[in-house]
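Here the structure is laid out as structure tokens; the discussion comes afterwards.
The values are calculated or read from the model by the stated rules, or taken from the named source; none is laboratory data. Bear in mind the structure is a predicted one, so any value in this text is a computation, not a measurement. Every residue, glycine among them, receives a Cβ derived from its backbone with ideal geometry; neighbour counts consider all protein chains shown.
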Amino acid sequence: MRKFILWVATFVCCAVVSVAHAELHVDIVAGGVDPIAIAVQKFETVGNVPAADAKMLRGVVENDLKKTGLFRIVNHDAFPEYVKMNEMPKFKNWAAIKVQALVQAKIKPEGKDSYKLEFYLWDVNGHEQIEAQSLVASKKSMRRLAHIMADAIYERLTGEVGYFDTQIVFIAETGSVTERVKRMAIMDQDGYGMRYLSDKNTFVMSPHFSPNMSTVVFLSYRDNDPMVWALDLENGNQTKLGNFGGMSFAPRFSPDGTRVALSLVKDGVTNIYEYDIYEKTLKQLTFGKHIDTSPSYSPDGRFMAYNSDSSGSQQIHVLDLQSGKQKRISFGAGRYATPAWSPDGQFIAFTKMADDTFYIGIMNPEGRHEKILAGGWYMEAPSWAPGSRRVVYYETERTEDGEERVSHIRTVDITGQNLYDIGLPDGLNGTEPTWSPKLP
């Protein structure tokens, strides 16, 4: 396990109560749904657990749920009672203030260096406990307890995969526009715990996680030689992916983690290749005299989306990896780029450029039902959260003098609603974010 993520165990306390079915559930497909009113009680503490730790964990859970736009966090001052763990709530009192879901939690030491967190989720209208879990984590990684707890609540009430116990790798930029320093960095999905993965002396771009979260592949200009490198997240070692006889860039792992798709420039022509990590072999996937880049595998590994100018302008194409046949799927006004296949296979996110404006949008794999999620002066690099509900991307804005550029990492729901920035340290610009799978 990586040094910055310590042991986390989770199991379901399934003997407590029966589970309610469909009594309390939010339809997250449609936009503009009424959020679920959820009350998160003060966490009980046992032993020498600092009150500040319990307060922090409660705040993380509430913040995770609130940011989805699907939950309304009930004001603490409105609570009609405090219900201790293993006691039944007075449902009539909670229903009187329109609470639909009630959360109880207790935290206590587990050994010398760990915490144990137990929580219950109640359906107020159904008068039933619908989730109960016990989680254990080291004190150094205790925020994960709150993220895992929020995931469990989210999943129980929406039926979708949670995305709170995840990280984002990105390019952290400092300095003026003409003297930008680009370093690879990683942070939790809420912006907490940012740390650098590369030094300030090497220009890096386009980081992407492996499916098992052990490796990040990225473009590095080390020794003025632009090539794809791999970073081992456990030991920090960086290795060149291979010597391909030309500039390689835009790497992306296959769903099974055994291959990396990348663009390779040979004799002035850019095509997409696939590198087998274990066999150390390179296979060419696209052919021609055009620029083919930004590959993204479908979640079943059978297809690949990429952008190509083979039709005369930059457009999204899909390649059948078994037959080798490809087809163009984007036909709207403007140019399309940086496709990213959603984890559930239902959508392809993209960057669109039209009428001097950049857009982030989604379409289905046939190129139909295009939906624009956000637009601005410059935005790019969409990446999906687990569960395929949210897209993260970066947006660059011009300052009033037109000399500087400010870049934000932003995330938006697939309904086009509930857009927000992920907080970064002061003076830091964030670009090229990639959302991780759920942490191991």
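Pick from region 203-224 the residues that are among the hydrophobic types (A, V, I, L, M, F, W, C) and more than 19 Å from Asn235 (Cβ to Cβ): which of them is nearest to the chain's Cα centre (by Cα)? Reasoning before the result, please.
Filtering region 203-224 for residues among the hydrophobic types (A, V, I, L, M, F, W, C) gives 203-205, 209, 213, 216-219.
The next check asks that each one be more than 19 Å from Asn235 (Cβ to Cβ); those that pass are 203, 205, 219.
Working: Phe203: 24, Met205: 18, Leu219: 20 Å.
It comes out as Met205.
Only one residue in Gly126, Gly193 is in a loop (DSSP other than H, G, I, E, B), closer than 23 Å to Val83 by Cα and out of contact with any His (no Cβ under 8 Å at 6 or more places or on another chain), so which one is that? Write out each step before concluding.
Values: Gly193 fails: closer than 23 Å to Val83 by Cα.
Step by step, each of Gly126, Gly193 is checked, and only Gly126 is in a loop (DSSP other than H, G, I, E, B), closer than 23 Å to Val83 by Cα and out of contact with any His (no Cβ under 8 Å at 6 or more places or on another chain).
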Next on the checklist: Here is a check on your reading of the model: is Phe164 in contact with a helix residue (DSSP H, G or I) (Cβ under 6 Å, 6 or more places away or on another chain), without any contact (Cβ under 8 Å) to a residue 60 or more places away in the chain and outside any helix (DSSP H, G or I)?
Outcome noted: no
Item to check | Enumeration of residues in region 96-113 that are surrounded by fewer than 21 Cβ atoms within 10 Å (Cβ to Cβ), over 21 Å from Leu70 (Cα atoms) and touching a residue at least 60 places away in the same chain (Cβ under 8 Å) | outcome: Lys106, Lys108, Pro109
Checklist entry - Has region 394-404 got at least one residue that is loosely packed, with under 14 Cβ neighbours inside 10 Å, in contact with a strand residue (DSSP E or B) (Cβ under 9 Å, 6 or more places away or on another chain), within 16 Å of Met194 (Cβ to Cβ) and at pLDDT 95 or above? => result no
Checklist entry - Would you pick out the residues in region 33-66 that are surrounded by fewer than 19 Cβ atoms within 10 Å (Cβ to Cβ) and in a helix (DSSP H, G or I)? => result Ala51, Ala52, Asp53, Lys55, Met56, Gly59, Asn63, Lys66
Checklist entry - Do you know which residues across region 167-188 are under 16 Å from Met213 (Cα atoms) and either touching a His at 6+ places or on another chain (Cβ under 8 Å) or modelled with pLDDT under 95 (or both)? => result Val169, Asp188
Item to check | Selection count where residues are of a type outside the set (A, V, I, L, M, F, W, C), more than 21 Å from the chain's Cα centre (by Cα) and under 27 Å from Trp435 (Cα atoms), scope region 333-359 | outcome: 4
Checklist entry - How about region 260-286: which of its residues are within 26 Å of the chain's Cα centre (by Cα) and part of a loop (DSSP other than H, G, I, E, B)? => result Ile277
Checklist entry - Of the conditions (1) surrounded by fewer than 23 Cβ atoms within 10 Å (Cβ to Cβ); (2) modelled with pLDDT of 95 or more, Ala146 fails just one. Which one is it? => result (1)
Checklist entry - Of the residues that sit in region 157-176 and are surrounded by 18 or more Cβ atoms within 10 Å (Cβ to Cβ) and hydrophobic (A, V, I, L, M, F, W, C), which one is nearest to Leu424 (Cα to Cα)? => result Ala172
Checklist entry - surrounded by 15 or more Cβ atoms within 10 Å (Cβ to Cβ) and in the same structural domain as Tyr221 (by TED's automatic domain parsing): does that describe Phe253? => result yes
Checklist entry - Restricting attention to region 405-412, does a residue exist that is crowded, with 22+ Cβ neighbours inside 10 Å, at pLDDT 95 or above and among the aliphatic types (A, V, I, L, M)? => result yes
